[in-house]
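Here is the structure we will look at.
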Amino acid sequence: RISRQPTDPEIGVGYVNYGRLVVLINRIDYFQTAYLIAKGDFDQVKQDGLEKFRANLERIVPFLAGRTGEIDSWDKVRLLSVQINRLERWSRPGLLCIGDAAHAMSPVGGIGINIAVQDAVATANLLTQPLRTGTLTPEHLEQVQRYREDAVRNTQRVQVLAHRVLNKVLHDPGPTRPALLLRIATALPRSQRSAARFVGMGLQPEHIQTERA
């Protein structure tokens, strides 16, 4: 957690360089900050010390200079081990798993919470009527998985591809310059809108369709 200034970027931004990726998520008055490292490197990062950790943050995201001192203890740094997986079955009689309980998403893109909300909306649309009429069966629960699983699986495939790119970055300690094609694509308004739609709406947007009781 690092304080945010009014002149800082409004949207969440990722900064890639020197074998590291730093992601800043705007929480109005502070940035929730992700510092990606290769799996198993956290002990070495801690051994190198907080001062080097803060210096690396500032080297990758220069405008954070003067603020990284807010991270004055390792107690303010949490290790999140990234997983991408999903259950073979989301339901049993009397039980339905959705969101993180059914499928672990990578933090890449910050879309995990959106996918979970979409699961919840789809569940409400599919199960409200049988719940109201007392006709809910295990088949209704299984219908949620059938309806949502393709969107989840395809989103995870995109995340796996992103991780392959990130793995190359995390094993290259030198200065990083995105490929020309990527620089051109990310500069195009249509590409920016498509990326924003993918993050915000997902591959299968959901809308509440049930009437109020």
Among Arg78, Arg54, which is charged (D, E, K, R) and at pLDDT 95 or above?
Arg54
How many residues of region 53-79 are in a loop (DSSP other than H, G, I, E, B), in contact (Cβ under 8 Å) with a residue 12 or more places away in the chain and of a type in the set (A, V, I, L, M, F, W, C)? The answer is 4
If I go through region 95-126 residue by residue, how many of them are assigned to a loop (DSSP other than H, G, I, E, B) and modelled with pLDDT of 95 or more?
3
Filtered residue count, region 129-175, keeping only those that are free of Cβ contacts under 8 Å to residues at least 12 places away in the same chain and of a type in the set (Ser, Thr, Tyr)
3
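So that you can scan it fast, the table gives a plain yes or no per residue for (1) in contact with a strand residue (DSSP E or B) (Cβ under 9 Å, 6 or more places away or on another chain); (2) loosely packed, with under 15 Cβ neighbours inside 10 Å:
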{"residue": "Gln5", "(1), (2)": "no, yes"}
{"residue": "Gly19", "(1), (2)": "no, no"}
{"residue": "Val23", "(1), (2)": "yes, no"}
{"residue": "Gln32", "(1), (2)": "yes, yes"}
{"residue": "Leu50", "(1), (2)": "no, no"}
{"residue": "Arg54", "(1), (2)": "no, no"}
{"residue": "Glu70", "(1), (2)": "yes, yes"}
{"residue": "Leu79", "(1), (2)": "no, yes"}
{"residue": "Leu87", "(1), (2)": "yes, yes"}
When Glu58 is evaluated against the numbered criteria (1) in contact with a Gly (Cβ under 7 Å, 6 or more places away or on another chain); (2) closer than 25 Å to Asp8 by Cβ; (3) not hydroxyl-bearing (Ser, Thr, Tyr), which criterion, by number, is the only one it fails?
(1)
Reported set for region 146-165 where residues are under 16 Å from Trp90 (Cβ atoms) and over 14 Å from the mean Cα position of the chain (by Cα) is Arg146, Tyr147, Arg148, Glu149, Asp150, Ala151, Arg153
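The values are calculated or read from the model by the stated rules, or taken from the named source; none is laboratory data. These figures come from a predicted structure and were not determined experimentally. Virtual Cβ from ideal backbone geometry, glycine too; neighbours counted across all protein chains shown.
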